[in-house]
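Below is one structure; the comments refer to it alone.
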Amino acid sequence: AGPSDAHSHYTSAFVNHKAGMDGVDKAHVRRVVDEMSKNSAHYRNESRKEAKVEAKIREMRAARARLTPERLARYQQTVDEKVKTLERARDVSRTWIHVDMDAFYAAVHTLEDPSLANIPMAVGGIGMISTANYVARAFGVRSAMPGFIAKKLCPNLTFVKPDFARYARYAALAREVFRAFDPDFDALSLDEAFLDVTRYLKTRGVDAETAARDLRAEVRLKTGGLTCSAGVAPNRRLAKVCSDANKPDGQMVLANDREAVVDFVTPLPVRKVSGVGKVQERVLAAFGMTTCGEIFERRSTLAALFSETAFESLLAASMGVGTETRPERARRPDPGEGARKSLSQERTFAPTADRRVLERQVAELAEEVSRSLAEEGVVARAVTLKIKRAT
């Protein structure tokens, strides 16, 4: 037991596993976050959300208590049919690589200023951190953490001002390499992408291990020294999990084999599944589901208590199926380019209620997105503005 236990749930985002944080004292980080958050708007808001999660869990437990054996058996029958359908749809014939640049923003600054290599450094400021190098991560400093909390964890932390134009230049160099392996690669952000290398492996006569190693080497060469990690698997979801396994500057290959996939996902923590956040992780844990294997074992309970969308997504994840194919998307005019589903820019800045500051931020972001659309040769049919409040 410790001072932070009462608030361990909503601060868990700062203690979840991230590359370079294996030896971090999670209890210490949680305690520091709690102590520095007390009486803040964020603290009060998270406390309200915490109460809602508790209430939701109580309601779901009451609903489970009302389930009769007969009704649960009907759920089991329906679920087992769904399992058979998913199993028939399982496809291990394709090979996906998820590429994730290592601490990208921090790495770019270090590449141009090697003096930053061996000191704890974070990109951002007192308000918020975009990313941190691996030296800083050893102290518990990580992306999306307020800078004043990071300073408490690591007093010698050095802040570097973000430079998105610089990051975009290096991202463009890395994408030249991605394009050679998959002309239609999907860029999720400046620092990560999905590549379907099925055709590449066949035409080049190489295996997935070699392709991932070659890709990483070519990115390092093209960018002048930036490293990336790669995950290889029969589908996108698992490739993303694999890319995190041996960071930084590493790779993991999951064989194109059903048994290998099942063996891999069974002990996998639910939080490793894309789309499972801290709230859903906690709700699942309340019903004994902390791994994908436990989700599969309790699949009838899952169907009875969760929404149909959540149930289907979690069941597929627990089996390691789905996301084998590229999502439907609009094609670019140039078939040699990897088409996008979206294009965006974000900024994190100090809290403000000054309308002029906010309007200037929106205008600058709109200009950057407009310029990027022109460079990519695409048009948009929807515009979304995302706002994160001080709470």
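Between the listed residues Ala62, Ala310, Ala239, the Cα displaced farthest toward the positive end of the dipole of the chain, a dipole computed from Cβ unit charges relative to the Cα centre, is found at Ala62. Note on Thr68 and Ala41: their simple-model spin labels are 5.2 nm apart, each label 7 Å out from Cα toward Cβ. For Ile57, the solvent-accessible surface computed with a 1.4 Å probe is close to 10 Å², ligands and nucleic acids excluded. Working note: Debye formula, equal point scatterers on the alpha-carbon atoms of the range 25-71, no solvent; log10 I(q)/I(0) at q = 0.24, 0.25, 0.26, 0.29 Å⁻¹ is -0.86, -0.89, -0.91, -0.97. Translational diffusion coefficient of the range 136-245 (Stokes-Einstein, Kirkwood radius from Cα pairs, 20 °C, 1.002 mPa s): 135 µm²/s. Under the convention that each Lys and Arg Cβ holds +1 and each Asp and Glu Cβ holds -1, the size of the dipole of the chain around its Cα centre is about 1220 debye. Setting aside same-chain residues fewer than 8 positions from Lys56, which aspartates and glutamates have a Cα under 16 Å from its Cα? Cross-link targets: Glu46, Glu281.
Which residues make up the longest stretch of the chain clear of trypsin sites (Lys or Arg not before Pro) that lie in a DSSP loop with no more than 15 other Cβ atoms within 10 Å, not counting the sites? Please report the intermediate quantities before stating the final value.
Values: sites that count: Lys38, Arg66, Arg329, Arg331, Lys341, Arg347, Arg381, Lys386, Lys388, Arg389.
Here the longest segment lacking exposed loop sites spans 67-328.
Taking Cys154, Cys228, Cys292 in turn, the Gaussian network model of the chain (Cα-Cα springs below 10 Å) assigns the largest fluctuation to Cys154.
Over the chain, the fraction of Cα-Cα pairs per 10 Å bin, rounded to whole percents and listed from the shortest bin up, is 4, 19, 27, 29, 16, 4, 0. In the elastic network of the chain, a GNM with C-alpha springs shorter than 10 Å, the most mobile of Ala51, Ala285, Ala168 is Ala51.
May I ask you to give the solvent-accessible area per residue for the chain, in square angstrom, as obtained with a 1.4 angstrom probe?
Accessible area per residue, the chain: 53 Å².
Entry note, the chain: the mean residue ellipticity at 222 nm calculated from DSSP H runs of n ≥ 4, each adding -39500 (n - 2.57), is -15000 deg cm²/dmol after division by the residues and rounding to the nearest 500.
With the full set of protein chains in place, find how many percent of the accessible area of the chain is carbon and sulfur; take the probe as 1.4 Å. Carbon with sulfur: 52 percent of the solvent-accessible area.
The values are calculated or read from the model by the stated rules, or taken from the named source; none is laboratory data. Predicted, not measured: the structure shown is a model, and the values here were computed from it. Cβ atoms come from the backbone with ideal geometry, glycine included; neighbour counts cover every protein chain shown. Ligands, DNA and RNA are excluded from the accessible area calculation, which covers all protein heavy atoms including side chains. Shrake-Rupley method; radii C 1.70, N 1.55, O 1.52, S 1.80 Å.
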